[in-house]
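Trainee: Mind looking over this structure? Questions follow.
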Amino acid sequence: QVQLVESGGGLVQPGGSLRLSCAFSGTLFSTYIMGWYRQVPGKQRELVARITSGRSTNYADSVKGRFTISRDNTKNTAFLQMNSLKPEDTAVYYCNALGDPSNGLGDYWGQGTQVTVSS
């Protein structure tokens, strides 16, 4: 019964910044791999950034150096700090929590939050 709720999206000018938050309701948050994905209508969903329980991270080439993923295990929250935003960053951003099925944990998605970068 894990639920994910994203917040922080909105309209921003090119070069601006946004910080997305993903609130995780459930148990064993610290054991999940947390990720941010984005999707534009007509295109497949793509990985933006991911962070493991050990705080290892990886990023899409298109956002590396501009975006930072982090997590606060005391608050059951993941974040995506987005700087130097570009129009091509416009998308619906989704939070994902990936658990280990061998431990009875699942794969969960938030509802998405719209990010629009436009002048």
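The values are calculated or read from the model by the stated rules, or taken from the named source; none is laboratory data. Given the structure is predicted, the values throughout are model-derived calculations rather than measurements. When we count neighbours, we look across all protein chains shown, and the Cβ atoms used for this are built from the backbone with ideal geometry, even at glycine. In case anyone asks, the SASA skips ligands and DNA or RNA and just uses the protein heavy atoms, side chains included. Shrake-Rupley method; radii C 1.70, N 1.55, O 1.52, S 1.80 Å.
Trainee: Name the residues of the stretch 50-84 whose amide N is less than 19 Å from a point 7 angstrom out from the Cα of GLN3 along the C-beta direction?
Mentor: Label zone hits: 75-78.
Trainee: Another one. Could you tell me what percent of the accessible area of the chain is made up of carbon and sulfur, with a 1.4 Å probe and every protein chain present? Can you show the working numbers first?
Mentor: Details: 2990 of 6380 Å².
That fraction is 47 percent.
Trainee: With the crude spin-label approximation of a point 7 Å out along Cα→Cβ, what separation in nm comes out for SER102 versus ARG66?
Mentor: With each label placed 7 Å out from Cα toward Cβ, I get 3.8 nm.
Trainee: Where only protein heavy atoms count, and the probe is 1.4 Å, what is the accessible area per residue for the chain in Å²? Write out the running numbers ahead of the final one.
Mentor: Working: 6380 Å² over 119 residues.
Solvent-accessible surface per residue comes out at 54 Å².
Trainee: Moving on to the next point. Give me the number: length gained by fully extending SER84 to ARG45, i.e. 0.36 nm times residue separation minus the C-alpha to C-alpha distance, one decimal in nm.
Mentor: Values: separation 39, 0.36 × 39 = 14.04 nm, distance 2.16 nm.
The SER84-ARG45 span can extend by a further 11.9 nm.
Trainee: Would you mind calculating the relative contact order of the chain from Cα pairs under 8 angstrom and at least 6 residues apart, reporting the percent as a whole number? Don't jump to the answer; show the numbers that get you there.
Mentor: Numbers: 284 pairs, mean separation 42.3, N = 119.
After rounding, I find 36 percent.
Trainee: Using the Kirkwood radius over Cα pairs, work out the Stokes-Einstein diffusion coefficient for the chain at 25 °C and 0.890 mPa s, in µm²/s as a whole number. Write down the numbers at each step before the final one.
Mentor: On the way: Rh = 14.3 Å.
Stokes-Einstein gives a translational diffusion coefficient of 171 µm²/s.
Trainee: Length gain on complete extension for the stretch LYS75 to ALA23, per 0.36 nm per residue less the alpha carbon to alpha carbon distance?
Mentor: Numbers: separation 52, 0.36 × 52 = 18.72 nm, distance 0.82 nm.
Taking LYS75 through ALA23 to full extension adds about 17.9 nm, to one decimal.
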